[in-house]
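Chemist: I have a structure I would like to understand better, so I am pasting it below and will then ask my questions one at a time.
The values are calculated or read from the model by the stated rules, or taken from the named source; none is laboratory data. The structure presented is a predicted model; accordingly, all values stated were derived computationally and were not measured. Glycine also receives a Cβ, built like all others from the backbone with ideal geometry; neighbour counts cover every protein chain displayed. Areas reflect the complete protein model, heavy atoms only, side chains present, ligands, DNA and RNA absent. Shrake-Rupley method; radii C 1.70, N 1.55, O 1.52, S 1.80 Å.
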Amino acid sequence: MIQKLDKRWFGEMFAIMCEAFPESEYRMKQEQYRLFELSQYEVFGVVEQGQLCAFLAAWDLGCVRFGEHLATLHTMRNHGLGAKLFRFYEQLSATPLVFEVELPETELAKRRIGFYERLGYHYYGDIPYFQGSFHAGQERLALRLMMNDAHVERTEMDRIIDLIYQNVYHQDRDF
């Protein structure tokens, strides 16, 4: 069952996040927990038999939604839970969904991009993008954006990137 998650689910969510992402791709525990207090931030999860199996954390930025984290419990991977979460979240609003992906430099990164493309997302590989830093002294991580709108002009993508940097990373964009 997919449901909106609140702070009560944070421990399980954060454990899955730590397992699925390198430390450079998520906030420290207390910072991540405080996001639940923000009206722009929302998390939806697949819960089966009282256990969180997968989650999608996203930001509503008005004209676009930013999918910050999608992760599945390691024992539940390859069961279609990520696709279910994406489809569920898409149906909540007609507002486009954009998210970050790794550069297609490894087989795993290529498979992830292919997964999202099969869901109807467009890879904006020609537009430079870097993840905002979550930790002091962190090096920039080159990524790319994907979006369920394949007809966004460069100027609109620049505006979306600015929105992400202002609202999610609270940083000035420098690229």
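Chemist: Scan Ala83, Ala71, Ala142 and give me the residue that is in contact (Cβ under 8 Å) with a residue 40 or more places away in the chain, farther than 20 Å from Leu61 by Cβ and aliphatic (A, V, I, L, M).
Modeler: Values: Ala83 fails: in contact (Cβ under 8 Å) with a residue 40 or more places away in the chain; Ala142 fails: in contact (Cβ under 8 Å) with a residue 40 or more places away in the chain.
It is Ala71.
Chemist: Another question about this same structure. Restricting to region 1-32, count the residues that are open to solvent by 50 Å² or more (accessible area, probe 1.4 Å), in a loop (DSSP other than H, G, I, E, B) and in contact (Cβ under 8 Å) with a residue 60 or more places away in the chain.
Modeler: Total satisfying the criteria: 1.
Chemist: Another question about this same structure. Would you pick out the residues in region 91-116 that are surrounded by fewer than 17 Cβ atoms within 10 Å (Cβ to Cβ) and assigned to a helix (DSSP H, G or I)?
Modeler: Hits for region 91-116 are Gln91, Glu107, Leu108, Ala109, Lys110, Arg111, Gly114, Phe115.
Chemist: Quick check on region 114-129. Is at least one of its residues in contact with a helix residue (DSSP H, G or I) (Cβ under 7 Å, 6 or more places away or on another chain) and in contact (Cβ under 8 Å) with a residue 60 or more places away in the chain?
Modeler: No: zero hits.
Chemist: Out of (1) more than 26 Å from Gly11 (Cα to Cα); (2) touching a residue at least 12 places away in the same chain (Cβ under 8 Å); (3) among the β-branched types (Val, Ile, Thr), the odd one out for Thr106 is which?
Modeler: Unmet condition: (2).
Chemist: Okay, next question. Among residues belonging to region 126-153 that are charged (D, E, K, R) and in a strand (DSSP E or B), point out the one that is surrounded by the fewest Cβ atoms within 10 Å (Cβ to Cβ).
Modeler: Taking region 126-153 as the starting set, the residues that turn out to be charged (D, E, K, R) are 126, 139-140, 144, 149, 153.
This time we only want the ones that are in a strand (DSSP E or B), so: 126, 144.
Values: Asp126: 8, Arg144: 19.
Within region 126-153, the match that is surrounded by the fewest Cβ atoms within 10 Å (Cβ to Cβ) is Asp126.
Chemist: A further question on this structure: Between a first residue in region 151-171 that is farther than 27 Å from Tyr26 by Cβ and a second residue that is open to solvent by less than 30 Å² (accessible area, probe 1.4 Å), which pairs have beta carbons less than 7 Å apart while being 6 or more apart in sequence or on different chains?
Modeler: Arg154/Ile127
Chemist: Determine, yes or no, whether Glu105 is of a type in the set (Asp, Glu) and under 25 Å from Arg27 (Cα atoms).
Modeler: Yes, satisfied.
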